[in-house]
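Notes for the one structure printed next.
The values are calculated or read from the model by the stated rules, or taken from the named source; none is laboratory data. Since we're looking at a predicted model, the values are computed, not measured. Please note: Cβ atoms are built from the backbone with ideal geometry, for glycine as well, and neighbour counts cover all protein chains shown.
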Amino acid sequence: MVQCIGQTAHVYPMLGGGARAGGAEGPDAMTEFDRDQLSNRANAIRALAMDAVEAANSGHPGMPMGMADVATILFANHLKFDPAAPRWPDRDRFVLSAGHGSMLIYALLHLTGYASPTLDDIKRFRQWHSPCAGHPENTELPGVECTTGPLGQGLAMAVGMAMAERHLNGVFGDSLVDHHTWVIAGDGCLMEGISQEAISLAGHLQLGRLNVIWDDNKISIDGPVSLASSEDMAARFAAAGWHVVACDGHDFASIDAALTAAKADPRPSLIAARTTIGKGAPTKAGTSGVHGSALGAKEIEATRAALGWNHGPFEIPADIKAWWEGLGARGAEARKLWEARLAASADAGEFTRRMEGRLPEADPMPAYLASLAANPPKVATRKSSEMALDVLVPALPELLGGSADLTGSNNTKAKGQPLFSATNYSGRYVHYGIREFGMAAAMNGMALHGGVIPYGGTFLVFSDYMRNAIRMAAIQQIRVVHVLTHDSIGLGEDGPTHQPVEHLASLRAIPNLAVWRPADAIEAAEAWACALQDEKRPSVLALSRQNLPPLRHDVAENLVARGAYRLTAATAPRAVVLVASGSEVHIAAEAAALLEADGIGADVVSMPCWEAFAAQDSAYRADVLPADALKVSVEAGVTMGWERWTGSEGLNIGVDHFGASAPAERLYAEYGLTATAIAERVKSRLGR
Ligand SMILES: Cc1ncc(C[n+]2csc(CCOP(=O)(O)OP(=O)(O)O)c2C)c(N)n1
Ligand SMILES: [Mg+2]
């Protein structure tokens, strides 16, 4: 029998006063003495929050002060964590979806004994180089599981974490993977549209280890929530298949009972915690005035008096700090037991490899690329991507794919890839439904959880629906792969609503996002290899609907990794360099042939990835894009940005307007994206 750590080991061990020896007594056994003690301990959070916001004269004291009591019970009795090993794989994940309340998590991490943030870090809340950034950032503090701030996305990422947990549990079993995902979400998180996608997906997948605590304070920035919202939140969650429980968020026994019930229920749980924003502040509590402004010296003084907190700014009495550190120290036991189980497990090597994000030693790509070179197919790059996945999915068991209801169009499902579902969490393909934003955020959560590499598909034009989640992947430096097909007017008849034109430019504008637009099957395979090797950067694969001829034959080096490379060199003296991406590379090659026939030397450069090319050394870049030739970009999208590579004297050929509903060939002809039209424009620019 596998010992179920976290379920039984932490029964009311620290609730003060010694009145509660075991869970059997139930919450009613808590004494007044307990309440006072606990309030005092929770007040440490309140004090740090108000003092830090006051020092910065910036930040959000209301939420941490309102949720201090709930957080105290969560950390004391329910959360499985170990400050000494913040990243141990089987820890519970705690997501502060209401990221504006960042001081709540900074206070909790500091009080429970994480090495960081220190009290000095907290004193420098929101200042240059303090890890206590305005909103929690996963890259700044171990213990911050994900970057939050854009409301609703923390909750949606937590769904992905809970999916990853169940998946790895399905693969490795209870002894290695058995933890919960806890979320604190505010009114704002639940008003955001993405929460609906997240909630319905979690309900459908029956993610019972996901517990969402709603900070039901009935206040947001503009005033009472009733100004803008009147839905029955409990009914909404229940309709999606959730278990719903309510509590008084300032009554420790009530909170504890609700969290206990949430853990016990097999469905995902909403814990509606009725709280008072800014609890403790005599005149501002319960008002939007305490949401996002410093309390001010007078109110702080009055708050200290009201709370009976007779300590200076940033001063935590030793006994209170010791109590919190005791909670933290207790976590080592579960972690050590888990480490022993891992050490004894036959799966230790594989589990550790996956959690560390290392790819398997055996790389299937060289043999696959050689087979493509031997037998080059004329297929759409979305099909090329599927062919690559047919090779990658069996070889990389950490790949967890899916699509937002476009599986057959995105070609995201490999042969025999089993479905991930409530009845088969070890499956590896997710039908996300038509929930692009929810999918992208869930993928972020999976990558942050670790142990899986998520990829997911939709049409490139719908990248706008998930754009902020893609941006959040880039900020969080995580490996997720977006398979975005139908990447231009080349999709044809579906018309301008479905034809991306500005999307490549707009995605390229996101820092730390690699946008790959391969030109043929070999480039598509190389782009997949690049995306998978990029441990700290998300990728977009922009893929064609239409068939594309093979262009590459040499597979000795992954040339896509260079970002751009000379596909063919001029034979006549070089006058022009045609630079193209994806489905326009073969058109550029045909245009070059026409120019060569007229004695105009033309290089063809395939440029599948700007970001990768920009990272090459200047000698390489100068060789590929020489100063002494006319540089011409060709891409079926807006020309914005291509001057970066062609120079201001270059020629930029693209589609600077919306497309139209017609067969692809007609659109390419109408918009001047044919070999003849391109060759003519080049000749006229050269005066030949
Ligand atoms: C997507 C998004 N829109 C807007 C904001 C700006 N914003 C930050 S907090 C907030 C109000 C949130 O209300 P609630 O969740 O009830 O937080 P509380 O005031 O209770 O702390 C808003 C609009 C944001 N962070 N993210
Ligand atoms: Mg609120």
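Take the stretch 365-389 and flag every residue that is in contact with a Pro (Cβ under 8 Å, 6 or more places away or on another chain) and assigned to a loop (DSSP other than H, G, I, E, B).
The answer is Pro376, Pro377, Lys378.
For a quick check of your reading of the model, give me the residue pairs whose first member lies in the stretch 205-231 and is at positive phi, whose second is surrounded by 14 or more Cβ atoms within 10 Å (Cβ to Cβ) and at pLDDT 95 or above, with beta-carbon atoms closer than 8 Å and at least 6 apart or on different chains.
Going by the 8 Å Cβ cut-off, the qualifying pairs are Gln206/Gly241; Gln206/Arg267; Gln206/Pro268; Lys218/Asp187; Lys218/Pro224; Lys218/Val225; Gly223/Ser288.
Find the residue count for the stretch 632-652, including only residues that are more than 35 Å from the chain's Cα centre (by Cα) and under 17 Å from Cys609 (Cα atoms).
So the count comes out to 1.
Kindly indicate which of Ala228, Ala198, Ala246 is within 11 Å of ligand 1 (Cβ to nearest atom) and modelled with pLDDT of 95 or more.
Of the residues listed, the single one that is within 11 Å of ligand 1 (Cβ to nearest atom) and modelled with pLDDT of 95 or more is Ala228.
Among strands (runs of 3 or more DSSP E) lying entirely in the stretch 194-302, which contain 1 or more residues that are within 16 Å of ligand 2 (Cβ to nearest atom) and within 30 Å of Asn468 (Cβ to Cβ)?
Ranges flagged: 210-216, 269-274.
Out of all the residues in the stretch 175-187, is one or more surrounded by fewer than 24 Cβ atoms within 10 Å (Cβ to Cβ) and free of Cβ contacts under 8 Å to residues at least 60 places away in the same chain?
Yes - at least one qualifying residue is present in the stretch 175-187.
Search the stretch 181-193 for residues being in a strand (DSSP E or B) and of a type outside the set (Ser, Thr, Tyr), and hand back the single one that is farthest from ligand 1 (Cβ to nearest atom).
Ranking the qualifying residues of the stretch 181-193, first place goes to Trp182.
Given the residues Ile271, Ile277, which is the only one that is in contact with a helix residue (DSSP H, G or I) (Cβ under 9 Å, 6 or more places away or on another chain), among the aliphatic types (A, V, I, L, M) and more than 19 Å from Ile45 (Cα to Cα)?
Ile271
What's the number of the only condition in (1) away from ligand 1 (no atom under 16 Å from the Cβ); (2) of a type in the set (A, V, I, L, M); (3) in contact (Cβ under 8 Å) with a residue 60 or more places away in the chain; (4) surrounded by 24 or more Cβ atoms within 10 Å (Cβ to Cβ) that Ala98 fails to meet?
Only one criterion in (1) away from ligand 1 (no atom under 16 Å from the Cβ); (2) of a type in the set (A, V, I, L, M); (3) in contact (Cβ under 8 Å) with a residue 60 or more places away in the chain; (4) surrounded by 24 or more Cβ atoms within 10 Å (Cβ to Cβ) is unmet by Ala98, namely (1).
Identify, from the list Pro136, Pro131, Pro150, the residue that is part of a loop (DSSP other than H, G, I, E, B) and over 27 Å from Arg209 (Cβ atoms).
So the residue among Pro136, Pro131, Pro150 that is part of a loop (DSSP other than H, G, I, E, B) and over 27 Å from Arg209 (Cβ atoms) is Pro131.
Examine the stretch 60-78 for a residue that is polar (S, T, N, Q) and surrounded by 24 or more Cβ atoms within 10 Å (Cβ to Cβ), and state whether such a residue exists.
yes
Is there a residue being within 29 Å of Phe81 (Cα to Cα) and surrounded by fewer than 15 Cβ atoms within 10 Å (Cβ to Cβ) anywhere in the stretch 289-306?
no
For the stretch 160-191, give me each residue that is polar (S, T, N, Q) and either over 18 Å from the mean Cα position of the chain (by Cα) or within 16 Å of ligand 2 (Cβ to nearest atom) (or both).
Listed by number, the residues that qualify are Asn169, Ser175.
Going by what's in this entry, would Trp128 be described as touching a residue at least 24 places away in the same chain (Cβ under 8 Å), surrounded by fewer than 21 Cβ atoms within 10 Å (Cβ to Cβ) and aromatic (Phe, Trp, Tyr)?
no
Does the stretch 262-286 hold any residues that are under 29 Å from the mean Cα position of the chain (by Cα) and among the hydrophobic types (A, V, I, L, M, F, W, C), and which are they?
Scanning the stretch 262-286 gives Ala262, Ala264, Leu270, Ile271, Ala272, Ala273, Ile277.
Does Asp36 qualify as being part of a helix (DSSP H, G or I) and more than 16 Å from ligand 1 (Cβ to nearest atom)?
yes
Which of the following residues is modelled with pLDDT of 95 or more and assigned to a strand (DSSP E or B): Gly456, Gly445, Gly438, Gly433?
Answer to the check: Gly456.
Are any residues in the stretch 101-121 more than 16 Å from ligand 1 (Cβ to nearest atom) and either hydrophobic (A, V, I, L, M, F, W, C) or touching a Ser or Thr at 6+ places or on another chain (Cβ under 6 Å) (or both), and if so, which ones?
Leu108, Leu109, Leu111, Ala115, Leu119, Asp121
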